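Comments concern the structure below.
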Amino acid sequence: MGSIISTIFMPLSFIAGVYGMNFKTEVSPWNMPELSWALGYPFSLLLMAAVATVLLVFFHRKGWF
């Protein structure tokens, strides 16, 4: 059970880490443009919820959860 929880939180930690970095879009075109988007924060939360839901459904269908 502990490894399933860890597996669910690993991609969520990665997404939060990427969106938690400080980027300046005026310095480089390689920075994430969605950081200046008004819905960037809700988008990242919905992305994390979707990833967690997909993993939970996958684990449930495999009979691991």
Residue that is nearest to the chain's Cα centre (by Cα) [pool: residues in the stretch 20-65 that are within 20 Å of ILE8 (Cβ to Cβ) and open to solvent by 90 Å² or more (accessible area, probe 1.4 Å)]: LEU46
Extreme residue, surrounded by the fewest Cβ atoms within 10 Å (Cβ to Cβ), among residues of the stretch 1-19 that are touching a Ser or Thr at 6+ places or on another chain (Cβ under 8 Å) and hydrophobic (A, V, I, L, M, F, W, C): ALA16
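The values are calculated or read from the model by the stated rules, or taken from the named source; none is laboratory data. Owing to the predicted nature of the structure, the values given are computational and were not obtained by experimental measurement. Virtual Cβ from ideal backbone geometry, glycine too; neighbours counted across all protein chains shown. Just the protein is used for accessible areas: all its heavy atoms, side chains included, with ligands, DNA and RNA removed. Shrake-Rupley method; radii C 1.70, N 1.55, O 1.52, S 1.80 Å.
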